[in-house]
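One structure below.
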Amino acid sequence: MINITLPDGSVRQYESGVTSLEIAQSISEGLARNVLAAKVNGSVWDATRPISEDAAVQLLTWNDEEGKNIFWHSSAHLLAEALEDLYPDVKFGIGPPVENGFYYDVDLGEHHLSQEDIAKLEQKMLELARQKNTFLRSEVTKADAIDYFTKKGDEYKLDLIKDLEDGSITFYEQGKFVDLCRGPHIPNTGFIKAAKIMNIAGAYWRGDENNKQLTRIYGVTFPKQKELTEYLERLEEAKKRDHRKLGKELELFAFSEKVGMGLPLWLPKGTLLRERLEQFMRKAQIKAGYQPVVTPHIGSKELYVTSGHYEKYGADSFQPIKTPNENEEFLLKPMNCPHHCEIYKTRPRSYKELPVRLAEFGTVYRYEQSGELHGLTRVRGFTQDDAHIFCRPDQVKEEFIKVIDLVLYVFKALGFDDYTAQISLRDPENKAKYIGTDDVWEKAESAIIEAAEEKGLRTVTELGEAAFYGPKLDFMVKDALGRKWQLGTIQVDYNLPERFQLEYIGADNQKHRPVMIHRAPFGSLERFVAVLIEHCGGNFPLWLSPEQIAILPISEKYHDFAQQVYDRLQQEDIRGYVDNRDEKIGRKIRDAEVRKVPYMLIVGEKEQENGAVSVRKHGEGDLGTMSIEEFSSFFQGKIAEMLNN
């Protein structure tokens, strides 16, 4: 008998050789019908693989990220089986799962897939899935693996086998298809109920342009047809919310080839939005004890050599700026932290004045490849809401909690309410790749874990994901369409204080090294704005909207009154415009709706007589008539509710 420990801590006894699927069946048949695979002592296994010794077992379903990955990996094999059935001479490269689905790189010879071919391929996948073929795992010798794919004439698999060690090679078979694969896989193809080929692209074998270009077929599958339908609907909605499309329509930002690729131009409305975000963060930071600083857009090359950023970014960044002095070189700033270290060093520091919190909206530059640029999410010049906290080791936990509070305040004010915190720790099996002693690492990691627990965060822990200089906490946010974005990061750093020889005088009158915490709740303003646009579809929170009101006079007779109303409200820091065009009121309302203006204030004879406005809300309609004072009070109350609740 062996002991199986389940995630809730309970222990059950089974005969040696029990499978995870059998464990699920012993709990409930309903659970067994949904089990895709299992984690056995931290490693992901097939649900049908025998367990022969005591183990901790976590059953994986479609609701687990790892479960989805296995489902999509198996779907890549199903796609390959369908391709081989339709095109017997096809050769296969690799077929991994990706964030939303999977792909397979294939060599179809001279054949090019048409829309008709794609439809046949989808039908064949579902036809094979209905056969409920089991995924069978077998261990093979390197010689047998080479022999099999030599007979099959698949040079790509032979190329992959070259790098594998004998004794570590496994095949997976389902139906008539056999593939070189580590696995794991779902129990059988019957779990796959819906399939869609999403895209066809080209991809060089092993990413080398000197090799043959293969056909990369992207697909997605689901355990229910309804889920595929909903997914495709979300994709259509995502197209409507694309920040590049809305950014142009709402006149927020633009790009110019003459200015340079990846260098955004903020238009007046976008600048208003950006400045509001900055003001919001500055106010919160001052309240939290941060001191604002400003540093140059360039720095001496030697500064970034000292910090290590030249080694990390130098080759792939903008090249050094040479001056008339042949021994002098500058770089466009890739990071703000080296500058902040130098600010910390401007005078001696005592333990009594720590923590020192320095904050800057600092613009940095990185030379991203042109093919990787994408709207505001991937640019070459971007502004970080950067801050660096220099503190004593015993202050790390307290400072971490304060930063978490700030991040959560930002998320709440902007409507991000679905997030997970990823605790990234060092790899305990490979400590050599990290700097700092075991003692300081243990203290820092404990501080992060305890801080996350005290704040009641939903967390996942990833070993080996820490930066080489310290552990970190990353916030993974889901937007309105269920897409994940990494927004907000907090990192503990022992590296830069060492490199810059930062010090403070302790209570013992001796010199000590401070700990440095990096934090950026927004990350970069550019990327944050892009995510925000897509999250809210351009319907920004009222306090942030560049145009909060549109005053719409019914006719030219009421232009002066409309302007008086606007002037009054502008004194209350309410932003917007007066639409004095010679258009009918219906057209003015429609245009304000398209511009996503939160409130429309219609003024005519009755409103002018009573010193009032007729109020409409974007997307909802008429709210009735209010005096100017009543509307101002109503408006300010809505903003206070958003920011202070």
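The values are calculated or read from the model by the stated rules, or taken from the named source; none is laboratory data. Treat the numbers as computed from the prediction; the structure is a model and nothing was measured. When we count neighbours, we look across all protein chains shown, and the Cβ atoms used for this are built from the backbone with ideal geometry, even at glycine.
Being part of a loop (DSSP other than H, G, I, E, B), touching a residue at least 24 places away in the same chain (Cβ under 8 Å), surrounded by 12 or more Cβ atoms within 10 Å (Cβ to Cβ) and not aliphatic (A, V, I, L, M) is the filter here; which residues of segment 573-628 pass it?
Listed by number, the residues that qualify are Arg575, Asp579, Asn580, Arg595, Lys596, Pro598, Gly604, His618.
Please work out which one of (1) buried (at least 18 other Cβ atoms within 10 Å of the Cβ); (2) β-branched (Val, Ile, Thr); (3) more than 36 Å from the chain's Cα centre (by Cα) is the condition Thr48 fails and give its number.
(3)
Could we say that Leu481 is under 30 Å from Phe280 (Cβ atoms), hydrophobic (A, V, I, L, M, F, W, C) and assigned by TED's automatic domain parsing to the domain that holds Asp439 here?
Details: under 30 Å from Phe280 (Cβ atoms): yes; hydrophobic (A, V, I, L, M, F, W, C): yes; assigned by TED's automatic domain parsing to the domain that holds Asp439: yes.
Yes.
For (1) assigned by TED's automatic domain parsing to the domain that holds Ile186; (2) buried (at least 17 other Cβ atoms within 10 Å of the Cβ); (3) at pLDDT below 95, each residue gets a yes or a no:
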residue	(1), (2), (3)
Gly202	yes, no, yes
Asn211	yes, no, yes
Phe222	yes, yes, no
Lys226	yes, no, no
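How many residues does segment 57-89 hold that are β-branched (Val, Ile, Thr) and either at pLDDT below 95 or farther than 27 Å from Lys162 by Cβ (or both)?
Taking segment 57-89 and keeping what is β-branched (Val, Ile, Thr), we get 57, 61, 70.
When the remaining residues are screened for being either at pLDDT below 95 or farther than 27 Å from Lys162 by Cβ (or both), the result is 57, 61.
The qualifying residues number 2.
So which residues in segment 40-88 are closer than 25 Å to Gly482 by Cα, in contact with a strand residue (DSSP E or B) (Cβ under 7 Å, 6 or more places away or on another chain) and among the charged types (D, E, K, R)?
Glu66, the sole residue that qualifies.
Given the conditions (1) farther than 21 Å from Leu406 by Cβ; (2) out of contact with any Pro (no Cβ under 8 Å at 6 or more places or on another chain); (3) crowded, with 19+ Cβ neighbours inside 10 Å, which single one is not true for Gln319?
All conditions are met except number (3).
crowded, with 17+ Cβ neighbours inside 10 Å, basic (Lys, Arg) and on the phi < 0 side of the Ramachandran plot: is that true of Arg182 in this structure?
Details: crowded, with 17+ Cβ neighbours inside 10 Å: no; basic (Lys, Arg): yes; on the phi < 0 side of the Ramachandran plot: yes.
Judged against the criteria, Arg182 is not a match.
Give me the strands (runs of 3 or more DSSP E) completely within segment 356-465, filtered to those with at least 3 residues that are polar (S, T, N, Q), ordered by residue number.
Values: elements: 356-365, 381-391, 419-425, 459-463.
Once the strands (runs of 3 or more DSSP E) in segment 356-465 are filtered for at least 3 residues that are polar (S, T, N, Q), what remains is 419-425.
Look through Gly9, Gly67 and report the one residue that is out of contact with any helix residue (DSSP H, G or I) (no Cβ under 7 Å at 6 or more places or on another chain), in a helix (DSSP H, G or I) and farther than 30 Å from Gly153 by Cα.
Details: Gly9 fails: in a helix (DSSP H, G or I).
Criteria check complete, one pass: Gly67.
From Val379, Val407, Val364, which residue is in the same structural domain as Pro497 (by TED's automatic domain parsing) and touching a helix residue (DSSP H, G or I) at 6+ places or on another chain (Cβ under 9 Å)?
Val379 is the lone residue from the list that is in the same structural domain as Pro497 (by TED's automatic domain parsing) and touching a helix residue (DSSP H, G or I) at 6+ places or on another chain (Cβ under 9 Å).
Applying the selection to segment 233-266, what residues are surrounded by fewer than 14 Cβ atoms within 10 Å (Cβ to Cβ), of a type in the set (A, V, I, L, M, F, W, C) and either in contact with a Leu (Cβ under 6 Å, 6 or more places away or on another chain) or in contact (Cβ under 8 Å) with a residue 12 or more places away in the chain (or both)?
Ala254, Met261, Leu265 - these are the residues of segment 233-266 that are surrounded by fewer than 14 Cβ atoms within 10 Å (Cβ to Cβ), of a type in the set (A, V, I, L, M, F, W, C) and either in contact with a Leu (Cβ under 6 Å, 6 or more places away or on another chain) or in contact (Cβ under 8 Å) with a residue 12 or more places away in the chain (or both).
Residues Gln486, Gln491: which one is closer than 28 Å to Ile533 by Cα and either part of a helix (DSSP H, G or I) or in contact with a Pro (Cβ under 9 Å, 6 or more places away or on another chain) (or both)? Walk me through how you get there before you give the answer.
Working: Gln486 fails: either part of a helix (DSSP H, G or I) or in contact with a Pro (Cβ under 9 Å, 6 or more places away or on another chain) (or both).
Checking each option against the conditions leaves just Gln491.
Tell me the residue from Ser307, Ser317 that is outside the structural domain of Ala413 (by TED's automatic domain parsing), within 21 Å of Ile389 (Cβ to Cβ) and touching a Leu at 6+ places or on another chain (Cβ under 8 Å), please.
Answer to the check: Ser307.
Do we find a residue being of a type outside the set (Asp, Glu) and within 18 Å of Gly202 (Cβ to Cβ) anywhere in segment 143-157?
Of all residues in segment 143-157, those of a type outside the set (Asp, Glu) come to 143, 145-146, 148-153, 156-157.
Now narrow it down to the ones that are within 18 Å of Gly202 (Cβ to Cβ): 156.
Yes, there is a match, as at least one residue in segment 143-157 is of a type outside the set (Asp, Glu) and within 18 Å of Gly202 (Cβ to Cβ).
Pull up segment 423-448, narrow it to residues that are of a type in the set (Val, Ile, Thr) and crowded, with 18+ Cβ neighbours inside 10 Å, then point me to the one that is farthest from Thr489 (Cα to Cα). Show your work before the answer.
So in segment 423-448, the residues of a type in the set (Val, Ile, Thr) come out as 423, 435, 437, 440, 448.
From what's left, crowded, with 18+ Cβ neighbours inside 10 Å: 423, 448.
Values: Ile423: 10, Ile448: 12 Å.
The qualifying residue farthest from Thr489 (Cα to Cα) is Ile448.
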